[in-house]
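Down below is the structure, laid out as structure tokens.
The values are calculated or read from the model by the stated rules, or taken from the named source; none is laboratory data. Quick caveat: nothing in here was measured; it's all calculated off a predicted structure. Cβ atoms come from the backbone with ideal geometry, glycine included; neighbour counts cover every protein chain shown. Calculation scope for accessible area: heavy atoms of the full protein, side chains included, ligands and nucleic acids excluded. Shrake-Rupley method; radii C 1.70, N 1.55, O 1.52, S 1.80 Å.
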Amino acid sequence: MYLSTENFIKNYNKFPIYLIYGEEEFLIEESLNSIINSINLRNDNYDLDILDGENSNLNEILQIAQNYPFTSSQRTLIVKKFDKLIPSKISKKNDEFYKFLEYLNNPAIFTNLILVANIDKLKDLKKNLQNNQLNETGLNKLKDVKTPFDKIIKDYFWNEFPKLYESEYPNWIIERFKKEGKNISSDAVQYLAIQCGNSLRELSQEIEKLCIYKNDSTDILLNDVLNVAGSNKEYNVFELQKAIAERNLNKSIHILNKLLDSDSQEMLIIAVISKFMINAWKFMDLKNIISDENVLAKEMNMQKWQLKDYILISNNYKVEEIEQAIIKITDTDFKLKSGISNKLALLQNLFFEILIKN
């Protein structure tokens with residue numbers, strides 16, 4: 001049965017086996033830390049053991065799991081990289097593996113065994129849930145999963161942290177702030193998502209800093225994000241994207257100069273405008289067949305408010321110009337990574353080529 005971290009913590013003594021897996025290592029790490037912190041508040045550290053699958057074996061895991069706890073009624077054993085302990089081919093000589101399977105049939109009631117693994121065959125299993133139980137598609141998926149993971153999924157408890165795509169970041173940011181009792185404005189969300197790239201760890205750190213900064217307020221605005229990030233409302237990649245969409249060369253160059261004066265942000269700038277232009281090309285193609293902005297937003301994997309700059313750029317550029325811009329950005333990216341020293345001149349030249357009409 002699927003079981004969230006929060007529900008595991010509430011009744012941890014009811015769950016003898018708990019499998020945690022997925023592609024988002026930061027979220028897995030965060031989940032484990034929450035569990036460990038909760039256990040430390042309730043029990044002595046002697047009742048918590050943490051092993052690594054690369055430096056342990058199944059016999060060691062079984063020995064710890066079957067030993068009575070020292071100072072409380074419940075022991076917790078966490079095994080990271082558990083998949084490293086499961087042989088690719090099972091033979092009758094593999095005695096410790098079969099002993100572990102026997103343990104799964106009759107786990108110790110005084111032990112919470114938490115297994116952390118990387119299991120490609122179980123990718124996106126979470127999407128096949130109905131009322132926390134697997135539907136037929138999910139059960140069929142288990143047929144290709146090797147033992148003991150199939151048994152653990154069927155008979156015990158599990159949690160998946162699937163890859164979070166960039167289009168999902170805005171909602172993730174909003175939900176994070178909600179958990180802290182705070183609301184964040186749409187432009188602040190967009191800036192955070194752009195500024196932190198594809199790093200959930202960095203996003204989480206920025207959210208934590210903002211919550212401390214706005215401790216006495218429930219509303220997080222763009223100015224708050226810019227203040228914490230050490231930037232300002234006028235000169236940031238968020239405003240640079242808008243200036244490019246407006247096809248305002250003077251404003252774009254001015255913001256570019258200010259950004260490079262304050263910090264070495266050339267790779268962030270390239271990443272932002274590259275993504276912006278690729279999305280703009282897709283948007284302009286979809287706009288020819290879809291007029292409803294709600295449908296457009298869904299097709300773009302965005303919120304409706306995120307379309308503002310794409311509507312603007314589609315009014316100021318031709319599709320052919322966007323295609324050429326993508327080629328020029330790729331070329332500039334290659335030159336920057338090749339170690340060209342005059343980065344400002346290179347980026348200024350790129351902006352002239354993109355924004356000046358032929």
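Structure notes:
- Number of the exception - Ser167 against (1) assigned to a strand (DSSP E or B); (2) modelled with pLDDT under 85: (1)
- Trp172 meets the conditions (1) in contact with a Pro (Cβ under 9 Å, 6 or more places away or on another chain); (2) part of a helix (DSSP H, G or I); (3) among the hydrophobic types (A, V, I, L, M, F, W, C) in every case but one. The failed one is (1).
- Scanning the range 179-232 for residues that are in a loop (DSSP other than H, G, I, E, B) and open to solvent by 60 Å² or more (accessible area, probe 1.4 Å) gives Glu180, Asn198, Asn215, Asp216, Thr218, Leu221, Gly230, Asn232.
- For Asp47, the conditions (1) over 16 Å from Leu115 (Cα atoms); (2) out of contact with any Phe, Trp or Tyr (no Cβ under 8 Å at 6 or more places or on another chain) all hold with the exception of (2).
- Gln348 vs. criteria open to solvent by 40 Å² or more (accessible area, probe 1.4 Å) and either not in a loop (DSSP other than H, G, I, E, B) or not hydrophobic (A, V, I, L, M, F, W, C) (or both): yes
- Test: Leu259 is open to solvent by less than 80 Å² (accessible area, probe 1.4 Å) and touching a helix residue (DSSP H, G or I) at 6+ places or on another chain (Cβ under 6 Å): no
- Scan of the range 81-102 for residues that are surrounded by 13 or more Cβ atoms within 10 Å (Cβ to Cβ) and either closer than 15 Å to Phe149 by Cβ or under 22 Å from the mean Cα position of the chain (by Cα) (or both), ordered by number: Lys81, Phe82, Asp83, Lys84, Leu85, Ile86, Ile90, Phe97, Phe100, Leu101
- Inter-residue pairs, beta-carbon under 8 Å, first charged (D, E, K, R) and in the range 90-116, second assigned to a loop (DSSP other than H, G, I, E, B), 6+ apart: Glu96/Asn57
- Of all residues in the range 133-155, one or more are in contact with a helix residue (DSSP H, G or I) (Cβ under 6 Å, 6 or more places away or on another chain) and of a type in the set (S, T, N, Q).
- Answer from Leu62, Leu32, Leu3 - the residue that is touching a helix residue (DSSP H, G or I) at 6+ places or on another chain (Cβ under 7 Å) and surrounded by 14 or more Cβ atoms within 10 Å (Cβ to Cβ): Leu62
- Pick from the range 105-115, criterion touching a Ser or Thr at 6+ places or on another chain (Cβ under 9 Å) and not hydroxyl-bearing (Ser, Thr, Tyr), ranking: nearest to Gly138 (Cα to Cα): Ile114
- Options Glu166, Glu160, Glu180; residue that is acidic (Asp, Glu), within 30 Å of Glu321 (Cβ to Cβ) and in contact (Cβ under 8 Å) with a residue 24 or more places away in the chain: Glu166
- Residue satisfying all of: in the range 163-178; more than 9 Å from the chain's Cα centre (by Cα) and closer than 23 Å to Asp216 by Cα; surrounded by the fewest Cβ atoms within 10 Å (Cβ to Cβ) among these: Glu175
- Only one of the numbered conditions (1) among the aromatic types (Phe, Trp, Tyr); (2) within 24 Å of Ile327 (Cα to Cα); (3) modelled with pLDDT of 85 or more is not met by Tyr213, and that is (2).
- Candidates Lys214, Lys179, Lys242, Lys163, filtered to the one that is basic (Lys, Arg) and closer than 30 Å to Asn13 by Cβ: Lys179
- Exactly one residue among Asn106, Asn131 is loosely packed, with under 15 Cβ neighbours inside 10 Å and at pLDDT below 90, and that residue is Asn131.
- Conditions (1) more than 26 Å from Glu299 (Cα to Cα); (2) without any contact (Cβ under 8 Å) to a residue 40 or more places away in the chain; number of the one not met by Ile153: (2)
- Hits in the range 294-340 (condition: β-branched (Val, Ile, Thr) and open to solvent by 30 Å² or more (accessible area, probe 1.4 Å)): Val295, Ile311, Val319, Ile326, Ile327, Thr330, Ile340
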